[in-house]
Ligand code: AGP
């Protein structure tokens, strides 16, 4: 086992540090910037079906569901096909309206999640075309779906999903950009700009891993005894906030909630005092000015702000208690970079609390029970 951990103390840390490679592996042979194309064997024969879908329904559980939420932003922005995202466990029990004009995208790292499997079967019975995004090759979900793409992130052993999540975001980016290019919603210049930027992501992940590790470890040591955390983000980074909160919950057993930053004023703001740590994802993109006001509102109530910002940003940095810097990228790819310090923060807090990081209590890697 020590050999499998490759010198890291836990599988989770190893898997976090593998992400520049795993994201590159997800794109390998698919993203060809020099040729100006995205080649995806799984999608090739089904481009019409996907771009002509009346709607795309994404079904998944847990972390994969968070990736699905970001997939909704990506597909709607670039391909302009309406997307709905559902928990597989809700979808399967609520007699959903599905027709043969719908396309269902099922996302699962393990490819064995019982609720996702049952939701796929239901969608197929109702005539939908089901596309799978799985990490485990030849898994049950990969076999039962009509077509699909593997994420190729390599085996993920830690119960808390890390590299599978960033691989799912990479695949969803490729699919959304490919569909948008195919149906004419993305012009050549935008297509080239996006694939060039996506191509640069593995290097930027490496930059994040090299620069934030000790910073995050130090921040983590200050919040080991916290009993609650709030995670806030806007737009593409609202699901990133949900994922950050889930990571902390599962491995450190600290209660954490993710929220869209704008929803803070509709309830969670009541929780903020000097004992509440708030992780806010605040890169200088999208509605940055609104995030700045959120930080002001939190500081006015003495909340402790841990801000994920772009390198060189001084505005949020001057108000935050702690900052973690990540490189700039387009908003649509920022969740890939922003999720890495959130994984590390959860990891280091859990380790300091003496928790079993790779196998947290009550959790299984594949949830094959209903
Ligand atoms: C992730 O950290 C969790 N352990 C869990 O939420 C997981 O993502 C969920 O059970 C779905 O698993 P799957 O991707 O293998 O279907």
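What follows draws every value from the coordinates through simple rules; no lab data is involved. The structure displayed is predicted, hence computed values, not measured ones. Reconstructed Cβ throughout: ideal geometry from the backbone, glycine too, with neighbour counts over all protein chains shown.
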* Estimated inter-spin distance, residue 224 and residue 90, nm [label 7 Å along Cα→Cβ] -> 3.8 nm
* Using mean Cβ contacts within 10 Å as the protection proxy, how do 2-10, 84-92 order, highest first? -> 84-92, 2-10
* Asked: What is the distance, in nm, between label points placed 7 Å from the Cα along the Cα-to-Cβ direction at residue 356 and at residue 297?
  -> 4.1 nm
* Residue separation times 0.36 nm, minus the C-alpha to C-alpha distance between residue 97 and residue 157: what's the value? -> 18.0 nm
* Chain lengthening between residue 287 and residue 44 when straightened (0.36 nm per residue, less Cα-Cα) -> 83.9 nm
* Spin-label point model (7 Å from Cα, Cβ direction): what's the residue 207 to residue 33 distance in nm? -> 1.2 nm
* Just report the Cα centroid separation between segment 4-32 and segment 63-112, whole Å. => 25 Å
* Relative exposure of 76, 15, 250, judged by other C-beta atoms within 10 Å (fewest first) -> 76, 250, 15
* To do: Would you please give the FRET efficiency between residue 317 and residue 21, computed as 1/(1 + (r/R0)^6) with r the Cβ-Cβ distance and R0 = 25 Å, to the nearest 0.05?
  => 0.25
* Ranked from highest to lowest mean number of other Cβ atoms within 10 Å per residue, what is the order of the peptides 44-50, 317-323, 230-236, 77-83? -> 230-236, 77-83, 317-323, 44-50
* Could you tell me what percent of the DSSP beta bridges with both partners in the chain are antiparallel, to the nearest 5? => 5 percent
* Structure fact -> Nearest-0.05 FRET efficiency for residue 217 and residue 368 at R0 = 30 Å, using Cβ-Cβ distance, is 0.30
* Given 0.36 nm per residue, what is the gain on full extension from residue 2 to residue 263 after removing their alpha carbon distance, in nm? -> 89.5 nm
